[in-house]
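A quick write-up on the structure given underneath.
The values are calculated or read from the model by the stated rules, or taken from the named source; none is laboratory data. Keep in mind that what you see is a predicted model, and the values were worked out from it rather than measured. We place every Cβ from the backbone using ideal geometry, glycine too, and count neighbours over all the protein chains shown.
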Amino acid sequence: MTTTRARAELIAATVIVALLVCGFALARPGTADSSGTVVGPDDATVTLTIRHSHFSPEHLSVRPGTLVRFVIRNDDPIGHEFIVGDDGVHQRHEAGTEPVHPPRPGEVSIAAGTTAETTFRFEGTTGAGTVVYACHLPGHFRYGMSGTVDVVNG
């Protein structure tokens, strides 16, 4: 009788652990799928890689309201920056002289061979449309170091 009870308790514990694991997996913030499309409007994490002064992926799609945590890995031997925002943000940075960015929403500097993070919520003034992310260190943007995020409804 004791063996049967112990077995039943073990089975019950296994079922509870399995349900908890499944629940945590379902509650995990969204991540980009292989095509770069982010499931939104829940929070999501997107990993970008910098290599040869280009971002990969170069294109993403999100739903309005999505808060994206960008994890940017710089595989280059030189530093870069990641700036995401509307045209005004990019105009200021392209003409600006700020060589290093303290971590703040939508802006971060990434030293050579390191990883940095920033967040950006795709809503409000960005609405539906296209939002650019770029590096504005001298010559980098003109070289093509940028990407786009389509903010799409539905």
Per-region count, the stretch 46-68, residues touching a Ser or Thr at 6+ places or on another chain (Cβ under 6 Å) and modelled with pLDDT of 95 or more: 3
Answer residue from the stretch 90-118, given it is of a type outside the set (Gly, Ala, Ser) and surrounded by 18 or more Cβ atoms within 10 Å (Cβ to Cβ) and is modelled with the lowest pLDDT among those: 101
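Table: residues versus (1) of a type outside the set (Phe, Trp, Tyr); (2) modelled with pLDDT under 95; (3) not assigned by TED's automatic domain parsing to the domain that holds residue 44.
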{"residue": "72", "(1), (2), (3)": "yes, no, no"}
{"residue": "82", "(1), (2), (3)": "no, no, no"}
{"residue": "126", "(1), (2), (3)": "yes, yes, no"}
{"residue": "131", "(1), (2), (3)": "yes, yes, no"}
Search result, residues across the stretch 68-89 that are within 12 Å of the chain's Cα centre (by Cα) and surrounded by fewer than 19 Cβ atoms within 10 Å (Cβ to Cβ): 69, 71, 73
Some residue of the stretch 19-42 being at pLDDT 80 or above and under 11 Å from the mean Cα position of the chain (by Cα): no
Residues that are assigned to a loop (DSSP other than H, G, I, E, B) and either without any contact (Cβ under 8 Å) to a residue 12 or more places away in the chain or closer than 24 Å to residue 45 by Cα (or both), drawn from the stretch 76-98: 76, 79, 86, 97, 98
Residue in the stretch 93-105 that is closer than 15 Å to residue 147 by Cβ and among the small types (Gly, Ala, Ser) present: no
